[in-house]
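A.B. asks: Take this structure first; my questions come after.
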Amino acid sequence: MKMKACCLVACVATALPCAAQEAAGSPVTLYGRVYVMFDSVEARGGASPVPRRNRVTDQSSLLGVRGTEDLGGTLKAIYQLETGFSPDAASGTFGNRNSGVGLQHPALGTLIMGRWDMPMKSAQAAPLDPFTDLALADITGTALNQGNFALREQNVVQYWSPSWNGLEVKLAYSANEAKAVANPYKYGGSLVWSNKDVYLTYAYEKHKDSRDGTVTAGIDEEGNGVGGYVRVLGAKLMAQYGEYKRTNTLKQKSYALGMDWVFSEVHHVLAIYQNSKDGGVTTAAQPKCDAQGLGYRYDFSKRTFFTAYYTKVNNEVGNLCNFGAGTLTITAGQDPQGFSAGVRHLF
């Protein structure tokens, strides 16, 4: 057995110089994130409150590889394979995050196919969330149609423009591979203008024959969102507003206001307030809810931080709103709340 292991190591060691030599003209990057939190959560109110429980939760840990190949002139082939995994539960599916292959040109932009975040998500989720779309308190718990317009789509084709004096355009189409009685597909786009201290964005997205991610003939969803941030006196102040319409429902309106205030370079005070109303069927009582999050972050380095925060969700009517990550199963009138603390490391 030891002899077989030694032979395997020798073979790998012999192959490495060749692999490195081949990659010299085609840069390859291995990268990742390990992000784990300890939560204490509950949901009060309603007919049967959810009792407090402790848990260890993954906050979108990942392992990825990306690279390019020069194709002549300024044209490049690009690829990325990214996999999410749960350090606390040893689970994950290969390539289940942003993964694809495409072509890139500095003057013409990028064309990529595979599985990727839709433009509305990439423009208005993490960039406008002090918790970067990775927390109990994150922006998808109440805003962005409770995350229904913060999607990562498979079978997608996307175009990303180059930057024109800070202006960037993204367009996406998710193919109707499941066409039968229904004809489900999605498309959307975003505009982003930014410089060092200001970020402004508009995004649009349409879901054909779809209801909350489930193929449903005759049901369409449509969303419009605007937002931005500004950096002032050490604080990043963020805002996002969206309107979302589904067949046979009232238009849902939501907004999120956030702050990431940095002092002494390594200390962050994080805060977010979100509000959502309407969006139910026209003959029913309309959902109404809001959520607050307050937290602290300490940066040990550019790659490692500690964070702790408290989150409270208020479902005044219905049970539409929940945690942004690590949701609880709740009924009408129940209000999730909890504390969370943990560490994130990038490599």
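A.B. asks: Between TYR273 and HIS105, what is the spin-label point distance in nm, taking each point 7 Å from the Cα along the Cα→C-beta axis?
C.D. replies: 4.9
A.B. asks: Cβ under 12 Å from GLY324's Cβ, GLY324 left aside: what net charge do those residues give with Lys, Arg +1 and Asp, Glu -1?
C.D. replies: Once all neighbours under 12 Å are counted, the net charge is -3.
A.B. asks: Suppose R0 equals 25 Å; then what is the FRET efficiency for LYS251 and THR214 from their Cβ-Cβ distance, rounded to the nearest 0.05?
C.D. replies: 0.75
A.B. asks: Please enumerate, by chain and number, the lysines with C-alpha under 16 Å from the C-alpha of LYS236, excluding those fewer than 8 residues away in the same chain.
C.D. replies: Hits, sequence-local ones excluded: LYS196.
A.B. asks: Okay, moving on. Quick check: the angle from helix 2-23's long axis to the longest principal axis of the chain, C-alpha only, nearest 10 degrees?
C.D. replies: Once rounded, one gets 90 degrees.
A.B. asks: For the chain, what number results from the quotient of the Cα radius of gyration and 2.2 N^0.38 Å?
C.D. replies: Normalised Cα radius of gyration, the chain: 1.09.
A.B. asks: Working out 0.36 nm times the residue gap between LYS179 and THR74, then minus their Cα-Cα distance, what length gain in nm do you get to one decimal?
C.D. replies: The LYS179-THR74 span can extend by a further 34.0 nm.
A.B. asks: Dipole of segment 34-346, Cα-centred, from +1 at each Lys and Arg C-beta and -1 at each Asp and Glu C-beta, to the nearest 20 debye?
C.D. replies: On the way: 30 positive and 29 negative charges, 20 e Å.
In debye, rounded to 20, segment 34-346 gives about 100.
A.B. asks: Let me ask something else. Check the straight Cα-Cα distances from LYS277 and name the lysines below 25 Å, setting aside those fewer than 8 residues away within the same chain.
C.D. replies: Hits, sequence-local ones excluded: LYS121, LYS186, LYS206, LYS208, LYS245, LYS251, LYS253, LYS288, LYS312.
A.B. asks: So, one more: What spacing in nm lies between the two simple spin-label points modelled at VAL169 and ALA332, each 7 Å away from Cα in the Cβ direction?
C.D. replies: So the two model labels end up 4.6 nm from each other.
A.B. asks: Compute the signed sum of charges (Lys and Arg +1, Asp and Glu -1) over the other residues within less than 13 Å, Cβ to Cβ, of VAL215.
C.D. replies: Taking every other residue near VAL215 into account, the sum is -1.
A.B. asks: Report the net charge of residues surrounding ALA125, where surrounding means a beta-carbon distance below 9 angstrom and charges are Lys +1, Arg +1, Asp -1, Glu -1.
C.D. replies: Numbers: positive: LYS121; negative: ASP117, ASP129, ASP133, ASP138.
In short, -3.
Values quoted throughout were computed directly from the atomic coordinates according to the rules given, and no laboratory measurement underlies them. Computed from a prediction, not measured in an experiment: that's the story for all the values here. Cβ coordinates were reconstructed from backbone atoms using ideal geometry, including for glycine residues, and neighbour counts include every protein chain displayed.
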